[in-house]
Structure formats: structure tokens, C-alpha cells
Amino acid sequence: MLDDCWMTSLKDEKYYHECLVHPALSSIDAKSNVLIIGGGDGGTVRECVKYSQISKIDLVEIDEEVIKISKEYLKEIGGEAWDDKRLEINVDDGVKWVKKTRDNFLRRYIYRLFRSLRIFKFIIFRFFL
């Protein structure tokens, strides 16, 4: 539980992460880079590393403690995905990270929306409108 909201469950997480990732990535045919904002439990990364077409995965998580706890106590979720050489972990606010990054080549965005549309709106307006 984080901020009085359930973030994940070992029983149900695979349904959530599979449905989040596979529709977005099922059509990639060339080398792609993926940005995940949120996702400190590792489940989204776990599903992304299944795609050989992905050359880089940027995970931006605002709370490093979420990642540490997930690696230690929720090993079933992230599994070996944490060790994938394509993964780069960035502990930062998602909007701030996107604003300062020079990597404008990102083609796939996976944003785990819980409470705010702030990051989603920023990405849409910056890259697509």
C-alpha cells in the first residue's frame, strides 16, 4: 500500500502488467526504446524484456524505496528483469525526467496511471501534438 492505495498484488499483478504492456508493444517491428513512468515493482519491465525488438528501457520511478522493497519482497513480480542489460533505472519525477532528457527517440510510452493525468498530458502535448 502506498498513499493509502493498493499498488500491486502478487495474485493479480500478471493480468494488470500483461494488459498494460502487450497491446502497446505487440505492433513493434523495428528496434524501439520504451519509457516506463512508475512501475517500481518491476512487472512492467518484466513484460517489456520479453520483446527482442526493444533496445532500451528507461524506467523512471520517483521513489527509490519502492524499487528496493520490490526487489527484496516482491521478487516474483520483477524477477530477472531487473538484471536485463537494456534496463536503465532513473530515480526522478517523471515529468522532470522527460523535460530534461535529450532522448527524443522514444517510441513507446507506458505510464502507470494511478491518480494524476499530469505526466500523461505532458507527454501527449510534448511529443504528439
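The values are calculated or read from the model by the stated rules, or taken from the named source; none is laboratory data. Bear in mind the structure is a predicted one, so any value in this text is a computation, not a measurement. For neighbour counting, all protein chains shown are included, and Cβ atoms are generated from backbone atoms with ideal geometry for every residue, glycine included.
Among the residues in the range 80-87, are any assigned to a loop (DSSP other than H, G, I, E, B), surrounded by fewer than 20 Cβ atoms within 10 Å (Cβ to Cβ) and modelled with pLDDT under 95? No, the conditions are met nowhere in the range 80-87.
When Lys96, Lys100, Lys68, Lys75 are checked against the criterion of being surrounded by fewer than 16 Cβ atoms within 10 Å (Cβ to Cβ) and at pLDDT 95 or above, Lys68 stands alone in meeting it.
For the range 52-69, a residue qualifies if it is without any contact (Cβ under 8 Å) to a residue 40 or more places away in the chain, assigned to a helix (DSSP H, G or I) and either touching a helix residue (DSSP H, G or I) at 6+ places or on another chain (Cβ under 8 Å) or of a type in the set (A, V, I, L, M) (or both), and the qualifying residues are Ile67, Ile69. When the range 1-35 is limited to residues that are closer than 20 Å to Gly79 by Cα, of a type in the set (Ser, Thr, Tyr) and not in a loop (DSSP other than H, G, I, E, B), the one that is modelled with the highest pLDDT turns out to be Tyr16.
Take the range 22-62 and flag every residue that is loosely packed, with under 15 Cβ neighbours inside 10 Å and out of contact with any strand residue (DSSP E or B) (no Cβ under 8 Å at 6 or more places or on another chain). His22, Pro23, Ser26, Ser27, Asp29, Ala30, Lys50, Ser52, listed by residue number. Cβ-Cβ distances below 6 Å connect the following pairs, each with a first residue in the range 31-45 that is touching a residue at least 60 places away in the same chain (Cβ under 8 Å), a second residue that is charged (D, E, K, R), and a separation of six or more residues or different chains: Ser32/Arg107; Ser32/Arg108; Asn33/Lys56; Val34/Arg108; Leu35/Asp58; Gly38/Arg112; Gly39/Arg112.
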